[in-house]
1. Those residues that are closer than 22 Å to A:ASP53 by Cβ and near DNA strand B (Cβ under 8 Å from one of its atoms), I need them from region A:134-170; list them, please.
2. Would you check if A:SER43 is in a helix (DSSP H, G or I) and at pLDDT below 85?
3. Take region A:146-168 and flag every residue that is surrounded by fewer than 19 Cβ atoms within 10 Å (Cβ to Cβ), closer than 21 Å to A:GLU23 by Cβ and near DNA strand C (Cβ under 10 Å from one of its atoms).
4. What are the pairs, 6+ residues apart or on separate chains, where a residue within region A:41-62 that is on the phi > 0 side of the Ramachandran plot has its Cβ under 9 Å from a residue that is hydroxyl-bearing (Ser, Thr, Tyr) and modelled with pLDDT of 90 or more?
5. Among (1) within 15 Å of DNA strand C (Cβ to nearest atom); (2) farther than 25 Å from A:ASN38 by Cα; (3) open to solvent by less than 50 Å² (accessible area, probe 1.4 Å); (4) at pLDDT 90 or above, where does A:LYS143 come up short?
Amino acid sequence: MDHSKNCDHGLAEIEALLRREQELVTQLRALILPQLHNVDSGSAELAAQLFDDVIGCSTSVVSKLFTAGSGATIELIDDKSLVRKKSPSTAAAAAIDDKMDEQAKPSCIVGRKRRRNDGKRSRSLVTNVPHYDGHQWRKYGQKNINGRQHARSYYRCTYTERNCSATKTVQQQDRDGGGSIYSADAGEDQGAKYTVVYYGDHTCKAGDNISNNIID
DNA sequence: ATCATTTGACCGGG
DNA sequence: CCCGGTCAAATGAT
């Protein structure tokens, strides 16, 4: 009966669910694609495209929900705009902003930021498995970000010189402070979350022999 | 040999 | 200036 209590809770839940879905689909993709590629590379490519479309739909839904919402433009898309500090006096706000990383902000905040989606469309998602999204990437840079624990890696599509201008960045999220420490081992990817931001579109063509088995 | 990753330099925007 | 994104030479891997 008390459905749609307030837009805040609903949107927050929806956002969390969508992110969860993206994460799961990403894991599934990382599981399926390498196997399938060993069997039939053509099917693997089709599957990769399908996975891309599914995730694309999901991210589009997120974008439309949270950017075209009721007048509130939220920077769900990762831009350079996030590091903006509005209140100089509020140290707590700065801390929150720092902790929030570049994305995954709560949904319905009052913070109506400006949309600087000009020329750069970027899709960001969080996953345990940042590798094997069905495309091949070549790393071209790595930088330490301001106060971040882990470096940010910059990748371009392997076929950049030919067709593809797609780009992505991978940043491991800080697994610290109040997080449950599962295995205190020499931090492996288990349980680690990565924020992956995709820029540009893949125009890679199919049919190239991809030597896979770069599985970690 | 080729190709990918590494790593500091470089550069442009805020 | 600082910060962060890219370049490119050196290094590593195959």
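The values are calculated or read from the model by the stated rules, or taken from the named source; none is laboratory data. Bear in mind the structure is a predicted one, so any value in this text is a computation, not a measurement. When we count neighbours, we look across all protein chains shown, and the Cβ atoms used for this are built from the backbone with ideal geometry, even at glycine. These area figures cover heavy atoms from the full protein model, side chains too; ligands, DNA and RNA do not enter into them. Shrake-Rupley method; radii C 1.70, N 1.55, O 1.52, S 1.80 Å.
1. Residues satisfying the conditions are A:GLN136, A:TRP137, A:TYR155, A:THR158.
2. No.
3. Hits for region A:146-168 are A:ARG148, A:ARG152.
4. Close Cβ pairs satisfying both conditions: none exist.
5. (3)
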